[in-house]
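J.: The structure under discussion is supplied below as structure tokens; questions concerning it will follow.
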Amino acid sequence: MGLCERLLSLNSYKIFIIHIVFMCIFCKIINGELPSYKVYEDENNLAFLDIAPVNPGHTLVVPKKHYENMEKIPAADLQSLILAVKKVGRLLKEKLGVPGYNISVNNDPIAGQIVPHLHFHIMPRRPGDGYELWKQGEYKEGEAEEIINKLLS
Ligand code: AMP
Ligand code: ZN
């Protein structure tokens, strides 16, 4: 029996279990199946507090439709998403009184993406909060030229 026939033969209880176990955690939050501290919502996007904050007020902004990463989201939905990010950033500044924030996307597992549903992290910054940015390095001889040649070829 093929996979499709097997799935079709499952009863609704088994389908429910599969859904609970395998469905994306952020889709579950969007559908109201999992709780969240909602910060902002519009037609296309939802923002909620990160469960393990880098700083108090650390917020995730997600499109309501499931897109795995930046390559998958269509331009119109990305435009809407980035405008939602901007609104949430302003909200954090205005309501929490923070002087600034970092915006970050971990795009793909190699970049630290754990939840495969595109999301922007907005992390409020306060003086002396101890949050460290990524380590910077330097190019070896000829390396920048090699990179730029590949990028422009
Ligand atoms: P990333 O590593 O970019 O995929 O980040 C995923 C983020 O989702 C992490 O910062 C987690 O703390 C956060 N997270 C995971 N589960 C939940 C949840 N149920 N509610 C809120 N944030 C969550
Ligand atoms: Zn999802």
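J.: For the range 52-82, give me each residue that is among the β-branched types (Val, Ile, Thr) and over 26 Å from Val98 (Cα atoms). Quick ask: steps written out before the conclusion?
T.: Taking the range 52-82 first, the residues among the β-branched types (Val, Ile, Thr) are 54, 59, 61-62, 73, 82.
Scanning the range 52-82 gives a single hit, Ile73.
J.: Let me ask something else about it. Can you pull out the residues in the range 70-85 that are loosely packed, with under 14 Cβ neighbours inside 10 Å, part of a helix (DSSP H, G or I) and not aliphatic (A, V, I, L, M)?
T.: If the condition is that a residue be loosely packed, with under 14 Cβ neighbours inside 10 Å, part of a helix (DSSP H, G or I) and not aliphatic (A, V, I, L, M), then Gln79 is the only one that fits.
J.: Report yes if Ile147 is loosely packed, with under 15 Cβ neighbours inside 10 Å and not in a loop (DSSP other than H, G, I, E, B), otherwise no. Give the derivation first.
T.: Values: loosely packed, with under 15 Cβ neighbours inside 10 Å: yes; not in a loop (DSSP other than H, G, I, E, B): yes.
When the stated conditions are applied, Ile147 passes them.
J.: Could you say which residue among Lys72, Lys95, Lys140 is modelled with pLDDT of 95 or more, within 16 Å of ligand 1 (Cβ to nearest atom) and of a type in the set (Lys, Arg)?
T.: Numbers: Lys95 fails: within 16 Å of ligand 1 (Cβ to nearest atom); Lys140 fails: within 16 Å of ligand 1 (Cβ to nearest atom).
Just a single option satisfies the conditions, and that option is Lys72.
J.: Report the residue count in the range 86-120 for those that are away from ligand 2 (no atom under 16 Å from the Cβ) and assigned to a strand (DSSP E or B). Talk me through it step by step, then tell me what you get.
T.: At the first step, the residues of the range 86-120 found to be away from ligand 2 (no atom under 16 Å from the Cβ) are 86-104, 110-112.
Then drop every residue that is not assigned to a strand (DSSP E or B), which leaves 100-104.
Here the count works out to 5.
J.: Another question, then. What are the residue pairs meeting all of these: first residue in the range 95-107, first residue over 14 Å from Met70 (Cα atoms), second residue assigned to a loop (DSSP other than H, G, I, E, B), Cβ atoms under 6 Å, and 6 or more apart or on different chains?
T.: These pairs meet every condition: Leu96/Gly57; Val98/Arg126.
J.: Something else now. Touching a Cys at 6+ places or on another chain (Cβ under 9 Å), aliphatic (A, V, I, L, M) and surrounded by 11 or more Cβ atoms within 10 Å (Cβ to Cβ), is that true of Val105?
T.: Working: touching a Cys at 6+ places or on another chain (Cβ under 9 Å): no; aliphatic (A, V, I, L, M): yes; surrounded by 11 or more Cβ atoms within 10 Å (Cβ to Cβ): yes.
No.
J.: Hey, Tyr13 hits all of (1) more than 21 Å from Asp129 (Cβ to Cβ); (2) at pLDDT 95 or above; (3) among the hydroxyl-bearing types (Ser, Thr, Tyr) but one; which does it fall short on?
T.: With respect to (1) more than 21 Å from Asp129 (Cβ to Cβ); (2) at pLDDT 95 or above; (3) among the hydroxyl-bearing types (Ser, Thr, Tyr), Tyr13 is out only on (2).
The values are calculated or read from the model by the stated rules, or taken from the named source; none is laboratory data. Just so it is clear, the structure is predicted and the values come from calculations on it, not from any experiment. All Cβ positions, glycine included, derive from the backbone under ideal geometry; neighbour counts span all protein chains shown.
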